[in-house]
Amino acid sequence: MNDMLLAQADQILDKARGIEQYWLPIAIGVGLLVVLIVLRGIARKNKKIPDLQRNLHEDLSSFPPPPAGEVSELFADGVPVRIRLIIIAPVGQRPKPIRADQAEDLLDDVLRGISRQIAADNPRIVIWPPQMSLQGFAATFHRLVPNPDGAQKKSRWLKMAGPAKTHSQPILLGLALLAPEEVKKLELHLDTPDWAQVLQIRRT
């Protein structure tokens, strides 16, 4: 009986000795796997997220002055203003494309008569990619088109953005307007497509 037990014990030890030779390669393999996982995590953490809005930033301080000799017929909050920047964005997943040369006609639908001021002021016109968020557009506009006067309470720049309605399609509209002198800083988020509440055309 004892001899049988000893024989079984020898067999078990022999098997253990056979497995022992694989422990080191297994340990090395597991260690390399852990290192690879850690390095992959570090690489993902350090990977720069592409700025999809990089080309949408506007520096108003670099804009040229409006053409001289023109009288403004456009008023914002009772102040005569010149149009320096127009940003238009279509709305939805598959909107009708918009071209920059359509801006005057589209804005005439928003505020009758404004096309004459656009022609006189020769503003920069930019078409943004389609936007999915009506509420988020105004915040995005004011962030990407900052006021050059920073945190000062007064500025010549007045900015406004929000939804607008044209005869052909709804759009999102952002305007940067320049007053003849410093006024109380104005950065409006419009909730309604009725732009006549904040802009008026006064014929001279």
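Among the candidates 68, 120, which residue alone is out of contact with any strand residue (DSSP E or B) (no Cβ under 6 Å at 6 or more places or on another chain), more than 17 Å from residue 195 (Cβ to Cβ) and surrounded by 18 or more Cβ atoms within 10 Å (Cβ to Cβ)? Show your work before the answer.
Working: 68 fails: surrounded by 18 or more Cβ atoms within 10 Å (Cβ to Cβ).
Checking each option against the conditions leaves just 120.
Yes/no per residue for (1) under 21 Å from residue 110 (Cα atoms); (2) in contact (Cβ under 8 Å) with a residue 60 or more places away in the chain; (3) more than 21 Å from the chain's Cα centre (by Cα):
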site: 125; (1), (2), (3): yes, no, no
site: 141; (1), (2), (3): yes, no, no
site: 153; (1), (2), (3): no, no, yes
site: 156; (1), (2), (3): no, no, yes
site: 161; (1), (2), (3): yes, yes, no
site: 164; (1), (2), (3): yes, no, no
site: 173; (1), (2), (3): yes, yes, no
site: 180; (1), (2), (3): no, yes, yes
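Filter the stretch 178-204 down to residues that are surrounded by 14 or more Cβ atoms within 10 Å (Cβ to Cβ), among the hydrophobic types (A, V, I, L, M, F, W, C) and farther than 15 Å from residue 88 by Cβ and give me whichever is modelled with the lowest pLDDT.
Just the residues of the stretch 178-204 that are surrounded by 14 or more Cβ atoms within 10 Å (Cβ to Cβ), to begin with: 178-179, 183, 185-190, 193-195, 198-201.
So of that shortlist, the ones also among the hydrophobic types (A, V, I, L, M, F, W, C) come out as 178-179, 183, 186, 188, 190, 195, 198-199, 201.
Going one step further and asking which of them are farther than 15 Å from residue 88 by Cβ, we end up with 178-179, 183, 186, 188, 198-199, 201.
Numbers: 178: 96, 179: 95, 183: 92, 186: 85, 188: 90, 198: 92, 199: 95, 201: 92.
It comes out as 186.
Tell me, which residue of the stretch 33-78 that is modelled with pLDDT of 75 or more, among the hydrophobic types (A, V, I, L, M, F, W, C) and within 29 Å of the chain's Cα centre (by Cα) is nearest to residue 107 (Cα to Cα)?
Let us first name the residues in the stretch 33-78 that are modelled with pLDDT of 75 or more, namely 55-78.
Then keep just the ones that are among the hydrophobic types (A, V, I, L, M, F, W, C); that gives 56, 60, 63, 68, 71, 74-76.
Subset that is within 29 Å of the chain's Cα centre (by Cα): 56, 60, 63, 74-76.
Working: 56: 21, 60: 21, 63: 21, 74: 13, 75: 15, 76: 15 Å.
Looking at the filtered set, the residue picked out is 74.
Looking at 117, 200 in this structure, which one is of a type in the set (S, T, N, Q), within 19 Å of residue 80 (Cβ to Cβ) and in a strand (DSSP E or B)? Step through it out loud before you land on a result.
Working: 117 fails: in a strand (DSSP E or B).
From the options 117, 200, the qualifying one is 200.
Failed condition for residue 140, given (1) under 19 Å from residue 91 (Cα atoms); (2) hydroxyl-bearing (Ser, Thr, Tyr); (3) out of contact with any strand residue (DSSP E or B) (no Cβ under 9 Å at 6 or more places or on another chain), with all others met?
It is condition (3) that residue 140 fails.
Please verify whether residue 163 is assigned to a loop (DSSP other than H, G, I, E, B), of a type outside the set (Asp, Glu) and in contact with a helix residue (DSSP H, G or I) (Cβ under 8 Å, 6 or more places away or on another chain), treating the condition exactly as stated.
Working: assigned to a loop (DSSP other than H, G, I, E, B): no; of a type outside the set (Asp, Glu): yes; in contact with a helix residue (DSSP H, G or I) (Cβ under 8 Å, 6 or more places away or on another chain): yes.
No; evaluated as a whole, the condition is false for this residue.
The values are calculated or read from the model by the stated rules, or taken from the named source; none is laboratory data. All figures in this text were calculated on a predicted structure; none of them were measured in a lab. Counting neighbours? That spans all protein chains shown, and the Cβs are built from the backbone with ideal geometry, glycine included.
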